Amino acid sequence: MSLPVKYNVGDVVKTRKGHPCGGDTWEIMRTGVDFRIRCVTCGRVVMLPRPKFEKSVKSLVSPATPASP
Ligand SMILES: [Zn+2]
């Protein structure tokens with residue numbers, strides 16, 4: 001039995017399709033029914049419904065890091 005990947009705020013993920021700015025890594029800012037993610041490269045924030053987000057993610061780059069100052 002495999003559980004779906006659980007995403008947390010602060011996780012950094014790679015998406016299959018890159019952002020027009022050229023970046024393909026995103027930081028999760030909010031989880032829930034809708035996910036809010038921020039393009040690490042250009043800082044653009046995008047909101048996606050969870051199923052769409054899960055489909056577009058290719059891999060988890062780094063799990064949430066402890067809060068930085
Ligand atoms: Zn971007």
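Read the figures in this text as sums done on the coordinates, not as results from a lab. Note that the structure is predicted; figures quoted are calculated from it, not measured. Methodologically, a virtual Cβ is constructed for each residue, glycine included, from the backbone with ideal geometry; neighbour enumeration extends over all protein chains shown.
Summary of values
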{"quantity": "Qualifying positions in segment 22-38 - farther than 13 Å from Tyr7 by Cα and either surrounded by fewer than 11 Cβ atoms within 10 Å (Cβ to Cβ) or touching an Asp or Glu at 6+ places or on another chain (Cβ under 8 Å) (or both)", "calculated": "Gly22, Arg38"}
{"quantity": "Residue that is nearest to Thr65 (Cα to Cα), among those in segment 1-23 that are in contact (Cβ under 8 Å) with a residue 24 or more places away in the chain and more than 10 Å from the chain's Cα centre (by Cα)", "calculated": "Val5"}
{"quantity": "Count of segment 17-69 residues which are in contact with a Phe, Trp or Tyr (Cβ under 7 Å, 6 or more places away or on another chain), within 16 Å of the ligand (Cβ to nearest atom) and in a loop (DSSP other than H, G, I, E, B)", "calculated": "1"}
